[in-house]
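Coordinate-derived values only; no laboratory data. Please read all numbers here as calculations on a predicted model, not as lab measurements. Note that each Cβ is placed from the backbone with ideal geometry, even for glycine, and that neighbours are counted across all protein chains shown.
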């Protein structure tokens, strides 16, 4: 009964994260050199990044106040190319793409996307892994045990479902690492039993 309630809580939190999505907008300021980024319903501790097309992080900021986030950026100085803002929240990552061409910033609102992060919960010797995969994206799971270096204990890929759930029983006390991959992103959780 206790596990059922915890699973319901995880699903409720993921649904809340889905519904309470931070809305975003990008617009040029009056002087045309600044781009104003507006994000609604952010939470203190969320992280905002600017990355280039290769995933290299050019800017990082931790959100200090919950509510609306409004800030001007001079993106016109970036070299010609494709870039994106990335808002990293508890259960998801929102990507807001833009491009720069000859000091002109072009917004790509239609290409915004949201990726739901896998949730890893450890309780006693059980690991619960869940992920919301609205487009039935695959989730790769690897479990490593530290025995003078990390050794792979378990590996699997789950696909074809929107509500991914997996429970893994661990038998040894010690340090573990869980690596999950989905939507082109890698997530790592380290913990001890």
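Percentage of Cα-Cα pair distances in the stretch 117-192 greater than 17 Å, rounded to whole percent? Distances greater than 17 Å cover 40 percent of the Cα pairs.
With the Kirkwood sum run over all distinct C-alpha pairs, the stretch 27-114 has a hydrodynamic radius of 13.4 Å.
Note down the relative contact order for the stretch 117-192 as a percent, whole number, built from C-alpha pairs under 8 angstrom at least six residues apart. Relative contact order here is 33 percent.
Once the Cβ-Cβ distance of residue 155 and residue 33 is raised to the sixth power relative to R0 = 41 Å, the FRET efficiency obtained is 0.25.
Between residue 58 and residue 109, the simple label model (points 7 Å from Cα in the Cβ direction) yields a spacing of 2.2 nm.
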